[in-house]
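These notes concern the structure reproduced below.
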Amino acid sequence: MTQNAATKPARRAALALMTFLGAYFLTAIPILVLFGFRGLTFLIPIIAAVAAGRYVWLHADEMPNHLPAYIFYGAILFCGIGFAAGFLGPMVLAPEANQGPLLGIFVTGPAGVVIGAIAGLVYGLKKSRRGER
């Protein structure tokens, strides 16, 4: 793959940031629902998000070559995008709406997981059908 050297760091940073947000969302909600703010439970989602973001940052040039990885990457990437758009968008566009960020937590984040998993599945099936690895 030949890419413009100027767009490569921007693409890598965007992927890492969206993966960070997706991993944080996917781990924070269940942990906070199950355990609340007891002890150091707030650190677990942060550690998971940093680990996922770092992994994507280091391996952004390597694409997975099996279907479950396509599904996982699609789900976590679209989750990050949906969560960021739904959480930050209402704060920017309608700051007087006190329940705006809940859109990202309950609607666009989970919808991003589902849409991303489906997109990853379709992409992986198309790629395997063409015989690419």
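Throughout, read-outs are computed from the coordinates displayed, never taken from laboratory work. Here the structure is a predicted model, which means the values were calculated and not measured. Positions of Cβ are backbone-derived with ideal geometry, glycine not excepted, and every protein chain shown enters the neighbour counts.
As a test of understanding, state the convex hull volume per residue of the chain from its alpha carbons, in Å³.
124
Each of residue 126 and residue 114 was given a label point 7 Å from its Cα along the Cα-to-Cβ line. The distance between the two points is 2.2 nm.
Calculated [222 nm] ellipticity per residue, helices only, for the chain: -25000 deg cm²/dmol; basis is -39500 (n - 2.57) per DSSP H run with n ≥ 4, divided by all residues, nearest 500. Rounded to the nearest 10 degrees, the angle from helix 109-130 to the longest Cα principal axis of the chain is 10 degrees.
Rounded to the nearest 20, the size of the Cβ-charge dipole of the chain about its Cα centre is 440 debye, with Lys and Arg at +1 and Asp and Glu at -1.
The Cα atoms of segment 70-133 define a convex hull whose projected area, averaged across directions, is 4.3 nm².
The label point for residue 98 and the one for residue 58, both projected 7 Å from the Cα toward the Cβ, are 4.5 nm apart.
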